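The values are calculated or read from the model by the stated rules, or taken from the named source; none is laboratory data. Note that the structure is predicted; figures quoted are calculated from it, not measured. In this analysis, Cβ positions are derived from the backbone assuming ideal geometry, glycine residues included, and neighbour counts consider all displayed protein chains.
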C-alpha cells in the first residue's frame with residue numbers, strides 16, 4: 001500500500017489526448033477575431049501561437065480566464081458580457097462561447113481517446129488502494145471520460161459544472177484539487193497531484209499537496225525545467241512510472 005492515500009489527476013493532456021484540440025480551438029477562436037480587434041488598436045495583434053501562447057496563457061485555465069489572459073497579453077480590452085452571450089468576438093463571454101463551440105464540434109466529430117498508459121496506471125493504483133480523482137475546468141470532462149471508458153476508475157470528479165455551482169476559483173488557485181481530495185476523504189498532506197500545465201503544478205504547490213508531479217509527454221527538457229520552476233517536485237514522461245513514484249521507489 002502506498003504511503004499516499006490519493007492522487008488527483010488533471011484531465012486534458014494527462015488522461016485524455018485532447019490538448020492539441022484545445023490548442024487548435026483556441027487558435028481558431030482568437031485568430032478569427034483579430035481583424036475586428038485590430039480595428040480598435042489601429043493594427044492587427046499578433047496571432048495566437050498554438051505552442052507558446054497555449055502553454056503560457058490558456059493551458060489549464062477556465063475558458064473565461066484563458067480569454068482574459070490572452071486579451072491582456074495583446075493589450076486588448078473587451079466588456080465582460082453575460083453568460084448568455086452567443087459565440088462571437090465582442091465580449092469576454094462571447095469569445096469563450098466561440099471557443100466552446102469550436103472545441104465541442106471537433107471533439108464530437110473526431111471522438112476522444114485516453115493515452116495508452118492511463119488505464120494500466122489507474123488499475124495499478126486501485127490495487128495499491130490509492131484513491132483517484134480527476135479534475136477539469138471543462139464542463140465536458142465527465143462525458144469525455146465516459147467516452148474514453150475511464151469513469152469507473154475514479155472515485156471523484158470535479159469538472160466545470162462543479163466549478164460554476166461551487167464558485168471554485170480557477171488555477172493557479174488550488175480549489176479544484178482541494179475539492180477533489182476532500183471528496184476522496186484524504187487531505188492534501190496525503191495526496192499527490194498530476195498535472196501537465198504550468199498553472200496546474202503551481203496550484204498543486206499552493207495547495208501544499210504532498211507530491212506534485214509534472215507530466216512532460218513531449219519529453220522537452222525546457223518544458224521539464226518550467227514545470228519544476230512552477231512547483232513540480234517530480235517530472236515524468238508518462239504515467240507508467242507514477243505508481244512506483246508514489247510507493248517511494250520512483251525517480
Problem set entry | Failed item in (1) under 25 Å from residue 27 (Cα atoms); (2) free of Cβ contacts under 8 Å to residues at least 60 places away in the same chain, with residue 112 passing the rest | (2)
Exercise. Taking region 23-62 as the region of interest, how many residues are at pLDDT below 90 and either part of a helix (DSSP H, G or I) or closer than 22 Å to residue 141 by Cα (or both)?
Worked result: 11
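Here's the yes/no breakdown for (1) without any contact (Cβ under 8 Å) to a residue 24 or more places away in the chain; (2) within 19 Å of the chain's Cα centre (by Cα); (3) in a helix (DSSP H, G or I); (4) crowded, with 19+ Cβ neighbours inside 10 Å:
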| site | (1), (2), (3), (4) |
| --- | --- |
| 69 | yes, yes, yes, no |
| 93 | no, no, yes, yes |
| 101 | yes, yes, yes, no |
| 106 | no, yes, yes, no |
| 125 | no, no, yes, yes |
| 138 | no, yes, no, yes |
| 144 | no, yes, yes, yes |
